[in-house]
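Q: Supplied in structure tokens, the structure appears directly below.
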Amino acid sequence: MIGYYLSLAIRSLRSTPILSSLMVAAIAVGVGAAMTTLTLNYMMSRNALAEKDAVLYAVQLDSWSATQGVDNPSEMPWQVTYQDAVSLLRSDIPTHQVAMHLWGGPISVEGSEIRPFVAGARVTSRDFFALFGVDFIYGGTWSEEADSSPLQQIVLSEETNEKLFGGENSVGRSLNFNGALFTVVGVTEHWQPSPKVHDLNNGSFNNSAEVFLPFGLHRQFEIYPWGNNNGWKAEEINSYEDRLNSDVVWLQYWVQLDSPEQVEDYRDFLTAHIRGQKAQGRFPRPLKFGLTNPSEWLQLNEVVDGDDRMLSWLSLAFLLVCLVNAVALLLAKFLRKAPEAGVRRALGASRNAVFSQHLVESGCVGLAGGLVGILLTLGGLGLIRQLQMGYMDRVAAMDWTMMIAAIGLAVLSSLLAGLYPAWRISRTNPSVYLKTQ
Amino acid sequence: MLELRPILSALWRHKISALLIALQLGLTLAIVSNALVVIDERTERISRPTGVAVEDINTFGYLAIPKDYDKFEAFRLDLDMIRALPGVASATISNHVPLSGSGSSSGFYTEPNMEVGATAANFYTVDEHFIEALGMNLVAGRGFSPEEIMQVGATSSERPTVAVVTQRLADEMFPQGNALGNAIFRGGDDHPIEIVGIVERNLGPWPNSPIAGRGVFYPAIMDQWFTYIVRAEPGQRDAVLKLVEEKLAERDPNRVINSDTLEEQKDQYYAGDNTMVKVLTAVVILLTFIVALGVVGLTVFWITQRQKQIGVRRALGATRTAISRYFLLENLIIATTGILLGFAAAQIFNGFLVSEFNQPALPLTVTLACALALLGVSLAAALLPALRAANISPATATRSV
């Protein structure tokens, strides 16, 4: 039966090529607009840490000023101070924990033909790879000692290893970073979460680190982070040591807590830490800390911003207009063919049969609209990539899920659009048309 | 004269189709008018005067390869060399670049030892060439003299005694207009910083932030954060970019140079706003187009359906104009209904955008202008089919009766 309806539908659509292409165009444009923004939103709200969402927590401490809180949705600083990070690292409650920040410097290999270039670096404690599930191709993370004393060890990303050593096992080789000799201890697999959930401070869709450095290097290199530094206090800072002991926040802190008991213990630990600091005159605000799972962290940080959400609403409204348009055009088309339907009814086709036949026809329009809509979506995303000047390249891209969703949306909306016209035509009185034939 | 009654009764028989077109026009009005206010706001934002010579400026930075690198010495040699190059109008060194999205801000007070109620402002450390090099306009007082420029390390506690501020900061901190010669203070500090000059405007590193336009310039060079800001003679920017980059690498190959035009950085900063403008413009155009198609489609359909009636009317003596007028009038009635619906929808939609997304309010004049434009589009779309309807021969009336 469906096969017969399909052939009827295709014949009918081909008999009115202009009207049919108008309908396909209307659905395609609507689906194209809607899918462009929906794809952006879908890609932007992906959670690279979904697998460990239940056990990972971003740590926040409200170390801010007594007179004025932090103006963000969490009402706490996004980052922690160096002195707090060092104290928290001493806890043995979490399965893994990471204190880290953004840095960078010129990198080169002695005797290599590669010109020195600036590599984006992540200065982090050694659990980074275990906590975020970053696997190694060669070697592994640095020794525990390197997180507290200055051992010049370095982990390269797959891409950096490719660039510097042609992709071979470079563990044990040495290279020059920021004017000092480092030994390669590991090479990670490609790891490029987008959005960059582990550090949302400087562009959620920027590249991840090219190299990783141990946490024990701060004093040796007097490292000033390339990320955000925020302070609230008028502090006298005369030396690097003063800066490390200041109330400026500039580190991200993550923990992995596998069991409810661990979470409970860690909460007690943080409470005790803040109480201890209060006793020393720090943390003037009411006791408050945050333990946030990656999925909530992405929302709290408003990775999908107001403009993106507004555009999705707008494009859904756009799709609605296109649908209303499709309803009007389908109605026009079906009514024009009412005599044919009349003949079919007179020859014994039931109302349901006429109804389904016309619904199948709307579905065909939707399918064609969906296919063209995918092309328009790809064009729309290309336009966005261009307008965003490279920033959105990883996000403004369509995967299979979204392609299928596009077809689904197109067929669903065209079926919705076809409901009333098909119903209307199935109610026509055959005798009217038989008379005039 | 006007066949309102027959039109209305004919429309009543096609009420669903008519309503669908009206609904389309209404929704379109709601979307288009709201999109236009957003487009307008963003365009204005992007084209706001920045206070600096965006089109002529290049910026250069470097990272030294050896660990103990005498940066201050390099600054002196680099800047002397750059200033002597052909096509270079002026050059300075600054901790941050305006419009780049990367900067520093701090709170300032008009009284010493204050902790609350700061005026937040962007701050820059610059050398004595900064007004020239940024292409800013000094409106009062003076710039810096070479002796005033301090060399400060990242943790140096040396504080400047003088500063140049932007007009906006001067007006906001000293509403009586006596900023020049007065002092500003940092939080919890009693060290006065005298305002010795006022520049007309500088939007700062984050033009979309609430502190945009408030700027404080210190006479200092910092070795931790620095960028050379080089203004080229008009039209020479791209040549200067290449030349300076080459010469910097040549003077000391022991470093990695990065360079960019200020225009590129500005475009990067506004990429989000620019995307909104372009996407919304596309939405406006496409929607209008789709609605026009809908109107054409439906008018053509109705005319085909009523071919016989048209023939009868023509046979009974109706002129071609009367036939065309009939369909245009019909379209006008539908469109007006839709636009009335759209007025309400536009306000509701705007209320949602204002409360949910902080978008600008929709002025009635914009809705009105959009409504008129849409009415025009709808009539124009109906025009061609209506004119063709007039060509239907009276003979059709007799054919199949």
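Q: Taking a virtual spin label 7 Å from the Cα of A:Asp393 along the C-beta vector, which residues in region A:32-53 bring their backbone nitrogen under 19 Å of it?
A: Under cut-off, by backbone N: A:40, A:43-44.
Q: Hand me the trypsin sites (Lys or Arg not before Pro) from region A:78-159 located in a DSSP loop with no more than 15 other Cβ atoms within 10 Å, in residue order please.
A: Numbers: sites: A:Arg90, A:Arg122, A:Arg126; in loops: A:Arg90, A:Arg126.
Those that pass, being in a loop and sparsely packed, are A:Arg90.
Q: Which residues' amide hydrogens lie under 5 Å from the amide hydrogen of B:Glu233, considering only partners 5 or more residues apart or on another chain, with H built in the peptide plane?
A: B:Val88, B:Ala89
Q: Got a sec to turn the phi values of region B:276-291 into Karplus ³J(HN,Hα) couplings, 6.51 cos²θ - 1.76 cosθ + 1.60 with θ = phi - 60°, whole Hz, x for Gly and Pro?
A: Per-residue couplings from phi come out as 4, 4, 5, 5, 5, 4, 4, 4, 4, 5, 4, 4, 4, 4, 4, 5 Hz.
Q: Hey, which of these cross-link pairs are over 30 Å Cα-Cα: A:Lys52/B:Lys266; A:Lys288/B:Lys266; B:Lys67/B:Lys242; A:Lys52/A:Lys288; B:Lys71/B:Lys266; A:Lys337/B:Lys15? Write down the numbers at each step before the final one.
A: Working: A:Lys52/B:Lys266 39 Å; A:Lys288/B:Lys266 39 Å; B:Lys67/B:Lys242 27 Å; A:Lys52/A:Lys288 25 Å; B:Lys71/B:Lys266 28 Å; A:Lys337/B:Lys15 19 Å.
Long pairs (Cα-Cα over 30 Å): A:Lys52/B:Lys266; A:Lys288/B:Lys266.
Q: Something else: Run the 1.4 Å probe and let me know the accessible area of A:Tyr138, rounded to the nearest 10 Å².
A: Per-residue accessible area (A:Tyr138): approximately 60 Å².
Q: Which net charge results when you count Lys and Arg as +1 and Asp and Glu as -1 among the other residues whose beta-carbon is under 14 Å from that of A:Asp308?
A: Net local charge, A:Asp308 excluded: -3.
Q: Which residues of region B:271-287 end up with at least 10 Å² less accessible area in the presence of all protein chains than when their chain stands alone, using a 1.4 Å probe?
A: Those residues are B:Ala271, B:Gly272, B:Asn274, B:Thr275, B:Met276, B:Lys278, B:Val279, B:Leu280, B:Val283, B:Leu286, B:Leu287.
Q: If you roll a 1.4 angstrom probe over the protein chains with everything in place, what fraction of the accessible area of region A:276-388 belongs to carbon and sulfur, to the nearest %?
A: Here carbon and sulfur together make up 60 percent of the probe-accessible area.
Q: While we're here: Name the aspartates and glutamates eligible as straight-distance cross-link partners of A:Lys233: C-alpha to C-alpha under 19 Å, and not fewer than 8 places from it in the same chain.
A: Partners found: A:Asp62, A:Asp71, A:Glu75, A:Asp84, A:Glu241, A:Asp242, A:Asp247, B:Glu111, B:Glu115, B:Glu158, B:Asp189, B:Asp190.
Q: OK, next. Tell me, what ³J(HN,Hα) does each residue in region B:338-350 have, in order and in whole Hz, if you take phi through Karplus 6.51 cos²θ - 1.76 cosθ + 1.60 with θ = phi - 60° and put x for Gly and Pro?
A: Whole-Hz 3J(HN,Hα) from phi for region B:338-350: x, 6, 4, 4, x, 4, 5, 4, 4, 5, 5, 4, 5.
Q: Can I ask one more? Mind telling me which of B:Ala64, B:Ala133, B:Ala53 comes out most flexible in a GNM of chain B, alpha-carbon contacts under 10 Å?
A: With Cα springs under 10 Å in chain B, the top fluctuation among B:Ala64, B:Ala133, B:Ala53 is at B:Ala64.
Q: Then there is this: Say each of B:Ile46 and A:Asn293 gets a label point 7 Å from the Cα, pointing the same way as Cα to Cβ; how far apart are those two points in nm?
A: 4.0
Q: How big is the B-A contact in terms of buried accessible area, both chains counted, 1.4 Å probe, rounded to the nearest 100 Å²?
A: Values: alone 19930 and 20570 Å², together 36000 Å².
Using a 1.4 Å probe, the pair buries roughly 4500 Å².
Q: Also, quick follow-up: On a 0 to 90 degree scale, rounded to 10, what angle separates helix A:306-336 from the longest Cα axis of chain A?
A: Here the helix axis deviates by roughly 10 degrees.
Q: In nm, what is the difference between 0.36 nm times the number of residues separating B:Val139 and B:Thr281 and their Cα-Cα distance?
A: Details: separation 142, 0.36 × 142 = 51.12 nm, distance 3.87 nm.
Contour length minus the Cα-Cα distance gives 47.2 nm.
Q: Counting only residues 5 or more places away or on other chains, whose amide H sits under 5 Å from the amide H of A:Tyr253 once H atoms are built in the peptide plane?
A: A:Val59, A:Val80
Q: Which whole-Hz ³J(HN,Hα) couplings does region A:110-126 yield from phi under the Karplus relation 6.51 cos²θ - 1.76 cosθ + 1.60, θ = phi - 60°, glycine and proline marked x?
A: After applying 6.51 cos²θ - 1.76 cosθ + 1.60, I find 3, x, 8, 7, 5, 5, x, 9, 8, 9, x, 10, 10, 8, 8, 6, 5 Hz.
Q: What distance in nm separates the two pseudo spin-label positions at A:Leu434 and B:Leu364, each 7 Å out from Cα along the beta-carbon direction?
A: 5.9
Q: Hey, another quick one. Name the residue, out of B:Gly51, B:Gly141, B:Gly101, whose mean-square fluctuation peaks in a Gaussian network model built on chain B with Cα pairs under 10 Å.
A: B:Gly141
Q: Heavy atoms only, 1.4 Å probe, whole protein assembly: order A:Asp62, B:Asp190 by accessible area, highest first.
A: Details: A:Asp62 5, B:Asp190 100 Å².
The residues order as B:Asp190, A:Asp62, largest area first.
Q: Then there is this: Long-range amide H contacts for A:Phe117: which residues qualify at under 5 Å (H placed 1.01 Å from N, peptide plane, sequence gap of 5 or more or a different chain)?
A: Correct list: A:Ile107.
Q: Using DSSP to call loops (not H, G, I, E or B), can you name the chymotrypsin sites (Phe, Trp or Tyr not before Pro) in region B:224-325 whose Cβ has at most 16 other Cβ atoms within 10 angstrom? Let's see the in-between values first.
A: On the way: sites: B:Trp225, B:Phe226, B:Tyr228, B:Tyr269, B:Tyr270, B:Phe289, B:Phe301, B:Trp302; in loops: B:Trp225, B:Phe226, B:Tyr270.
Passing both the DSSP loop test and the Cβ count: B:Trp225.
Q: Considering only A:Leu270, A:Gly69, A:Val118, whose Cα is most displaced toward the positive end of the charge dipole of region A:50-300, charges sitting on Cβ of Lys, Arg (+1) and Asp, Glu (-1)?
A: Most positive-ward Cα: A:Gly69.
The values are calculated or read from the model by the stated rules, or taken from the named source; none is laboratory data. Predicted model only: the values in this text are computed from it and were never measured. Neighbour counts are summed over all protein chains in view; Cβ atoms, including those assigned to glycine, are modelled from backbone coordinates with ideal geometry. Heavy atoms of the whole protein, side chains included, go into the accessibility calculation; ligands, DNA and RNA do not. Shrake-Rupley method; radii C 1.70, N 1.55, O 1.52, S 1.80 Å.
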